[in-house]
Amino acid sequence: MQELYELTDRLVGDQSLIQATLSQPRSKEAGSAGKVTVKPIALKGEPFYQFSAYIGTKVQHENVPQAEAARKLADWLGSSFRQGLLQAGEADYQVLLSKKGKLAVLKKPPTKQAAEGLPQAHNRKKRYELEEGVPVPFLVELGIMNAEGKVLAKKYDKFRQINRFLEMIADVLPHLPEGRKLHIIDFGCGKSYLTFALYHYLHVSRGLDIQIVGLDLKEDVIRFCNGLAQRLGYERLRFLVGDIADYDELERVDMVVTLHACDTATDAALDKAVRWNASVILSVPCCQHELFAQVKSEVLSPLLQHGILKERFSALATDALRAKLLELVGYRTQLMEFIDLEHTPKNLLIRAVKAGKPPAPAERAKLAAEYKQFRQFIHADPYLEHALDGLLNLETADSD
Ligand SMILES: C[S@@+](CC[C@H](N)C(=O)[O-])C[C@H]1O[C@@H](n2cnc3c(N)ncnc32)[C@H](O)[C@@H]1O
């Protein structure tokens with residue numbers, strides 16, 4: 001089902017979905033929808049998707065904000081229909097689901113043109129959460145803006161990075177629990193530009209009930225961050241000195257953020273997140289040294305004989321294995337580009353969202369087999385696999 005969620009996330013996220021039609025309902029009972037259509041609309045200038053459920057002779061409409069539409073579309077298609085036609089500007093995607101829930105996605109030439117259905121709002125200029133000209137106290141304190149809201153020339157990249165990060169946060173909001181306080185942790189927070197941005201966006205701007213903890217090894221940095229949180233009156237944000245692997249203060253955490261924490265510190269953060277059953281994990285790994293010392297393959301020797309290629313390959317392989325392990329423990333995982341200030345290859349973000357249910361046994365076995373085959377092929381022995389021991393059941397894989 002992962003593939004289905006990725007497809008709807010992408011088509012709704014980049015606003016290329018023109019129409020979706022769900023047909024062949026699993027249930028023929030009176031009262032259940034025989035067909036559902038989904039199309040983009042604009043409401044007060046904002047992008048929404050209209051879901052129309054055809055029940056008997058009636059049609060029920062529901063307008064769903066863009067941020068929630070991808071998940072709703074995939075949930076509905078995956079649970080109640082055996083066929084979906086997703087028409088986008090680039091292609092048509094025919095989604096077929098067998099009785100046992102096996103998924104096939106066929107990509108075909110497009111049959112609808114974007115101009116036919118897309119409302120004006122879908123082509124409008126993107127608005128950023130933080131706008132130049134509007135002074136925001138934490139950005140002023142951190143020296144990104146001046147008191148008039150002008151972004152300092154040297155800090156423009158940082159300003160864009162913060163906005164990009166907040167867009168990603170906006171995208172995952174529908175996956176977080178509602179109606180109670182949200183617990184969030186930023187592991188390896190450093191000087192905490194993004195932690196302050198997170199607090200500003202979720203609590204100051206959106207009024208959500210939250211508690212954020214930033215954790216880092218560096219005492220001086222944590223002292224600075226606590227002082228700044230106090231000056232800003234950010235009462236639900238506190239910073240602690242400590243090692244990610246040893247952190248055991250909280251029993252429940254809903255979202256784990258770990259941006260550029262070094263090497264296996266990222267794995268320690270992912271392990272904690274999984275054990276908390278966090279709804280959302282956002283992780284930008286950094287300095288993935290672990291596999292560099294392990295990876296071996298005769299087939300890959302033309303690549304591995306060059307230090308720089310081996311380094312990049314090891315980093316990519318580490319993240320591929322991390323993503324697969326997260327899928328195995330019930331996360332829908334995507335790798336996306338994140339703006340990196342130094343323009344290095346360290347610009348991948350692992351976005352993992354807790355799936356509604358754990359993978360079915362057949363899907364689990366497939367994921368485990370894929371994981372083991374790749375890990376064995378490159379002779380890797382990753383930290384995260386050991387850390388998650390007991391949750392993985394890798395022996396269910398066919399390939400052993
Ligand atoms: C490159 S900085 C990133 C800071 C911030 N997250 C960002 O993206 O702007 C990495 C931070 O992770 C912290 N760190 C690395 N390993 C850690 C560990 N095991 N426990 C806690 N913090 C760690 C470092 O002290 C450093 O401040």
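The values are calculated or read from the model by the stated rules, or taken from the named source; none is laboratory data. Everything numeric in this text was worked out from a predicted model, so none of it was measured. A quick note on method: Cβ atoms are made from the backbone with ideal geometry, for glycine too, and the neighbour counts reach across all protein chains shown. For accessibility, only protein heavy atoms count, side chains too; no ligands or nucleic acids. Shrake-Rupley method; radii C 1.70, N 1.55, O 1.52, S 1.80 Å.
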Qualifying positions in the range 1-44 - over 30 Å from PRO361 (Cα atoms) and touching a Phe, Trp or Tyr at 6+ places or on another chain (Cβ under 9 Å): LEU17, THR37, VAL38, LYS39, PRO40, ILE41, ALA42
Residue within the range 68-79 that is of a type outside the set (A, V, I, L, M), in a strand (DSSP E or B) and touching a residue at least 60 places away in the same chain (Cβ under 8 Å) present: no
Filter result for GLY149 (within 13 Å of the ligand (Cβ to nearest atom) and surrounded by 15 or more Cβ atoms within 10 Å (Cβ to Cβ)): no
Residues being modelled with pLDDT of 95 or more and part of a loop (DSSP other than H, G, I, E, B) - total across the range 354-380: 3
Spans of helices (runs of 4 or more DSSP H) in the range 159-277 with at least 2 residues under 21 Å from VAL353 (Cβ atoms) and either within 16 Å of the ligand (Cβ to nearest atom) or modelled with pLDDT of 95 or more (or both): 193-199, 265-276
Residues within the range 11-53 that are open to solvent by 60 Å² or more (accessible area, probe 1.4 Å) and hydrophobic (A, V, I, L, M, F, W, C), tallied: 2
Of all residues making up the range 278-299, the number that are assigned to a loop (DSSP other than H, G, I, E, B) and open to solvent by 80 Å² or more (accessible area, probe 1.4 Å): 4
Per-region count, the range 97-110, residues within 25 Å of the chain's Cα centre (by Cα) and not in a loop (DSSP other than H, G, I, E, B): 6
Residues (open to solvent by 40 Å² or more (accessible area, probe 1.4 Å) and at pLDDT 95 or above) located in the range 319-353: ALA320, LYS324
